[in-house]
Structure formats: C-alpha cells, structure tokens
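Before any comments, here is the structure.
The numbers here are math on the coordinates, done by the rules we state, and not lab data. Note that the coordinates shown come from a computational prediction; the quantities given were computed from them, not determined experimentally. Backbone-built Cβ (ideal geometry, glycine too); neighbour counts: all protein chains shown.
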Amino acid sequence: MALYEEILTSRAFQIIVLIPVLAMFAGLYGTYHAGEDFGIMLAITLGVSVLLLDIMIIKIEIDEREVRIRGLFGLVVRKTVSIENIAGFEVRRGWMSCYGTIHFTLPAKACVTIRRKKGWTVFFTTNHPEEVVRVLAMLGVPREP
C-alpha cells in the first residue's frame, strides 16, 4: 500500500513529444505508399513511439520500504530507492531548482532531491511537496537544510 502517490503530466510537454511521433507516422505512411520496406519503418516507429510515451508521465510512489519513480510503461523512466539507502532529502521551490545525477522532471511546484548513502543523487519534481515531506519524515528520513 502506497503512503503517497502522484502522477505528473504536462500538456505542453505532451504536445512537444507528440510532434515527432506524428512525423514518424507520416513517414510510415509515405514509406508504405512508396512501396519501400514497410516492416523496418513500422518497427522503428512503434519502438520510438513507446519510448516517447513512456517519458510523458511520471508516477511517484512512496511506501514503507521504497520510493518508486516510473514512467507510463516503466521502460526508460524507472528508479527505485529503498528507504534505508536514503541519507537525507531536500525540497526546493520551483521544478528547475534542484540538482542531482539522476533527473525525473516535468514542470511542477517543487523538486525533491534524495541523497543516497550509496550511489547517485536522485531528484524528481512534485506538485505536493508538503505531502512528500510529511511521508518521508514519518518514515524517519532526515531532512537536509
């Protein structure tokens, strides 16, 4: 059972991502009508479309054991950080005000940086920073100034 769950989307980002998808389908249509090798173009179009759809949505889940960050399908956007591996966290206003090694960002109110005991720093954006702070504090994760 998740203590916190949020799904982030951005209409502007979705429109920007859909432009190359539509262009690839137009290329697929042109390839079909030109009588070229349709199978290769179809496989590439479907593969790239699935990858682009995966980055359009970020789902954040926090439960008693871990913080999970996933995309729509979890193919490209996928990271799990166990609670016992978190050295501390920091919350900043604005979705571009955090820094870290692994980024999961879409336009939102705030960003959360998770400093791990071992491994790279992870940060993600959220529209409900007060809820993230409440849940992580409840789980005993120290907040950094």
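Taking Kirkwood radius over Cα pairs in Å as calculated from this structure, the corresponding entry among (i) 16.7; (ii) 16.3; (iii) 17.3 is (i). For the chain, adding -39500 (n - 2.57) for each run of n ≥ 4 DSSP H residues and dividing by the number of residues yields -12000 deg cm²/dmol at 222 nm.
Restricting the GluC sites (Glu not before Pro) of segment 1-65 to loop positions (DSSP other than H, G, I, E, B) with no more than 11 neighbouring Cβ atoms within 10 Å leaves Glu36, Glu64.
For helix 129-138, report the angle its Cα long axis makes with the longest principal axis of the Cα atoms of the chain; keep it between 0 and 90° and round to the nearest 10°. Once rounded, one gets 50 degrees.
When +1 charges are put on Lys and Arg Cβ atoms and -1 charges on Asp and Glu Cβ atoms, the dipole computed for segment 1-93 relative to its Cα centre reaches about 260 debye. Quick one: longest stretch of the chain between exposed loop trypsin sites (Lys or Arg not before Pro), exposed meaning at most 14 other C-beta atoms within 10 Å and loop per DSSP? It works out to 1-64.
When only Cα pairs under 8 Å and 6 or more residues apart are kept, what is the percent relative contact order across the chain?
21 percent
Helix 11-34 and the longest principal axis of the Cα set of the chain meet at an angle near 20°.
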